[in-house]
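K.L.:
Below: one structure in structure tokens.
The values are calculated or read from the model by the stated rules, or taken from the named source; none is laboratory data. Since we're looking at a predicted model, the values are computed, not measured. Note that each Cβ is placed from the backbone with ideal geometry, even for glycine, and that neighbours are counted across all protein chains shown. Accessible surface areas use protein heavy atoms only, side chains included; no ligands, DNA or RNA. Shrake-Rupley method; radii C 1.70, N 1.55, O 1.52, S 1.80 Å.
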Amino acid sequence: TNLFCAVQDTDATLEYYLASGDWSHKRRTAEQWDDWAKKGASGKCVTNHPDLFTEDGRSGPLTYEVELYQGCVRFKRGCKFCIEPKKGVPIWRDEDDVIAEITTALDNGVRHVRIGGATDIYTYKADGVVELEYPIPNPEPISKVLSGLREDERLEILHVDNANPSIVAENLEPATEITKSLISTLSDGAVLSFGLESADPRVHETNWLNCDSEQLKFIVKDTGIGMSEAEEMFPIGTELKGIWWEAHDDRIRRPEQILDKTHRDASIYGRAGITFGRQIGAYPILVGTPYQVPLETESDIIVTGHGMRSLSGVETNLSINTASQSQLEAIPGIGSKAAWRIVSNRAKALRKFPENPFSDVKTALQDAGVQSYGLALKVLKA
Ligand code: SF4
């Protein structure tokens with residue numbers, strides 16, 4: 001009898017309990033929501049966060065998630081496994097309130113933001129939410145939020161979270177306008193999480209699922225909005241900025257390594273020969289280098305290969321005068337023999353020119369017998 005299950009709006013219900021001592025289902029007002037958001041943006045959860053700044057005072061990888069709306073447009077009959085429909089008719093935050101919250105967060109040192117708390121970025125303030133099965137996307141409000149956030153030059157990374165492929169498939173024209181806004185404002189590595197829970201029509205029907213396989217195929221194959229293969233999204237040679245190095249070998253960024261440098265040593269966790277990282281805020285795409293990079297640092301990379309949901313890469317701006325043999329071998333076009341020759345030629349040149357053994361990258365590569373050096377010239381500098 002002491003059990004109370006808040007299914008609609010847990011935050012508003014909890015606040016009511018704290019103020020009154022009574023449990024009762026409540027839903028937030030716009031004013032309440034804005035008040036909580038602003039307090040959060042300048043609260044200790046931000047200002048004391050160990051990821052806000054690095055030890056040397058640069059901006060760290062903290063990604064601030066801002067809520068855009070609550071609920072799902074399928075509130076009348078949503079996917080059976082999901083709690084979102086229980087929240088009722090979606091409630092939207094005002095564009096200016098979202099921008100004001102982020103301005104407060106930026107004042108407090110935040111530099112990276114993801115627009116989350118939206119079950120589908122394409123249905124923010126959509127038309128016909130109550131009447132239509134597929135509400136019509138409204139390009140203006142989301143464009144106002146995205147471009148308003150980009151006006152503040154302190155903002156570095158900007159990402160969004162979920163998107164509903166069936167809404168895009170059924171409303172291609174306005175959805176395409178939103179896609180264009182996303183492309184022009186989001187950062188490198190932004191990924192929309194599109195989902196298809198099951199391609200089996202019986203499972204789809206029994207569970208009142210949302211997107212079906214035809215809608216997803218249409219989006220992925222026919223419109224070019226979605227792409228399913230890492231090779232298509234990130235061809236070899238693509239430059240990706242701001243990879244934050246998280247782990248050696250085992251792919252887990254451990255909390256203890258953030259505060260204590262000794263936990264970043266490859267001899268404690270993982271093998272030294274490999275490093276994994278991600279672009280800040282772009283959690284789905286993992287990047288690996290086949291050599292050691294110091295953890296909790298940031299670099300840009302050139303894509304050199306692909307896995308199912310991962311990429312291999314090599315850092316840009318490597319100096320041919322200091323790059324290790326493993327770094328050189330990671331560059332397509334330079335095999336192990338050529339890498340060894342570069343290192344060996346460098347050791348000889350070092351005696352004559354101790355400051356700068358190679359003054360020209362192309363000559364150094366040619367002298368080592370590298371024939372295909374297009375990518376190497378993008379990566380290496382003298
Ligand atoms: S469309 Fe997404 S948010 Fe809506 S009910 Fe289905 S899974 Fe939940």
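K.L.:
Please compute the length gained on full extension between D249 and E232, using 0.36 nm multiplied by the number of residues separating them and subtracting their Cα-Cα distance.
P.N.:
Full extension from D249 to E232 adds 3.5 nm.
K.L.:
While we're on this one: Compute the acute angle (0 to 90°) between the alpha-carbon long axis of helix 95-107 and the principal axis of greatest extent of the alpha-carbon atoms of the chain; round to the nearest 10°.
P.N.:
Once rounded, the angle reads 40 degrees.
K.L.:
Let me ask another. Going by alpha carbons, how many degrees (0 to 90, nearest 10) lie between the helix axis of 30-41 and the longest principal axis of the chain?
P.N.:
It is inclined by approximately 30 degrees.
K.L.:
Here's something else I'd like to know. For the chain, what's the relative contact order in percent, using C-alpha pairs closer than 8 Å and at least 6 residues apart?
P.N.:
That works out to 10 percent.
K.L.:
Next question. Roughly how many Å² is the accessible area per residue of the chain, as a whole number, for a 1.4 Å probe?
P.N.:
That works out to 51 Å² for each residue.
K.L.:
Determine the share of the range 52-156's accessible area contributed by carbon and sulfur atoms, expressed in whole percent, with a 1.4 angstrom probe.
P.N.:
The value for the range 52-156 is 49 percent carbon and sulfur by accessible area.
K.L.:
Mind ranking I334, I258 by accessible surface for me, highest first, 1.4 Å probe?
P.N.:
Output order, biggest surface exposure first: I258, I334.
K.L.:
Using only Cα atoms and rounding to the nearest 10 degrees, what angle (0 to 90) does helix 336-352 make with the longest principal axis of the chain?
P.N.:
60
K.L.:
Follow-up question, since we're still on this one. Counting DSSP beta bridges with both partners in the chain, what percentage is antiparallel, nearest 5?
P.N.:
Restricted to the chain, the bridges split so that about 55 percent are antiparallel.
K.L.:
When only alpha-carbon atoms are used, what values of Rg and Dmax, in angstrom, describe the chain?
P.N.:
24.7, 85
K.L.:
Something else: Pop out the ³J(HN,Hα) list for the range 319-334 in order, Karplus 6.51 cos²θ - 1.76 cosθ + 1.60 with θ = phi - 60°, rounded to Hz; leave Gly and Pro as x.
P.N.:
Calculated HN-Hα couplings, in order: 8, 5, 7, 10, 4, 6, 4, 5, 5, 5, 5, 6, 8, x, x, 10 Hz.
K.L.:
Once you order the gyration tensor axes a ≥ b ≥ c over the Cα atoms, which shape class does the range 169-251 get: rounded for a/c under 1.5, otherwise prolate or oblate by comparing a/b with b/c?
P.N.:
It comes out oblate by the Cα gyration axes.
K.L.:
Determine, from the Cβ-Cβ distance of Q32 and R309 and an R0 of 56 Å, the FRET efficiency 1/(1 + (r/R0)^6), rounded to the nearest 0.05.
P.N.:
0.90
K.L.:
Lysines near K381 by alpha-carbon distance under 23 Å, same-chain residues fewer than 8 away left out - which ones?
P.N.:
K241, K337, K348, K352, K362
K.L.:
Now for a separate question. If the elastic network links every pair of Cα atoms under 10 Å, which of I243, I91, I121 fluctuates the most in the Gaussian network model of the chain?
P.N.:
The residue with the greatest mean-square fluctuation here is I91.
K.L.:
Rounded to whole Hz and in sequence order, give me ³J(HN,Hα) for the range 231-245 from the Karplus expression 6.51 cos²θ - 1.76 cosθ + 1.60, θ = phi - 60°, writing x for Gly and Pro.
P.N.:
Each residue of the range 231-245 in turn: 4, 6, 6, 10, x, 4, x, 5, 8, 10, 9, x, 7, 9, 7 Hz.
K.L.:
Going by accessible area, probe 1.4 Å, with all protein chains left in place, what is the ranking of W340, W244, W208, W23, largest first?
P.N.:
My answer, sorted largest first, is W340, W23, W208, W244.
K.L.:
Give, in nm to one decimal, the length gained when the segment between N317 and T206 is fully stretched (0.36 nm per residue of separation minus the Cα-Cα distance).
P.N.:
34.6 nm
K.L.:
Along the Cα→Cβ direction, 7 angstrom out, place labels at A347 and S359. What is the inter-label distance in nm?
P.N.:
2.5
K.L.:
Still on this model: How much of the accessible area of the range 239-381, probe 1.4 Å, is carbon plus sulfur, in whole percent?
P.N.:
That fraction is 52 percent.
K.L.:
On to the next question. What does the charge count near P61 come to, summing +1 for each Lys or Arg and -1 for each Asp or Glu among other residues with Cβ under 15 Å from its Cβ?
P.N.:
Residues near P61 contribute -2 overall.
K.L.:
Related question: With every protein chain kept in the model, how would you rank D56, D11 by accessible area, 1.4 Å probe, largest at the top?
P.N.:
Most to least solvent-accessible, the answer reads D56, D11.
K.L.:
Run the quick spin-label model on C45 and D22: label points 7 Å from Cα toward the beta carbon, then report their separation in nm to one decimal.
P.N.:
Distance between the two pseudo-spin positions: 2.7 nm.
K.L.:
Follow-up question, since we're still on this one. Could you work out the helix-only [θ] at 222 nm for the chain, with each DSSP H run of four or more residues adding -39,500 (n - 2.57) and the total divided by the number of residues, to the nearest 500 deg cm²/dmol?
P.N.:
Using -39500 (n - 2.57) per qualifying helix, the result is -9000 deg cm²/dmol.
K.L.:
Would you grab the residues whose amide H sits under 5 Å from the one on V160? Only those 5+ places off in sequence or on another chain, please, with H modelled 1.01 Å from N.
P.N.:
Under 5 Å from the amide H of V160: I115, V191.
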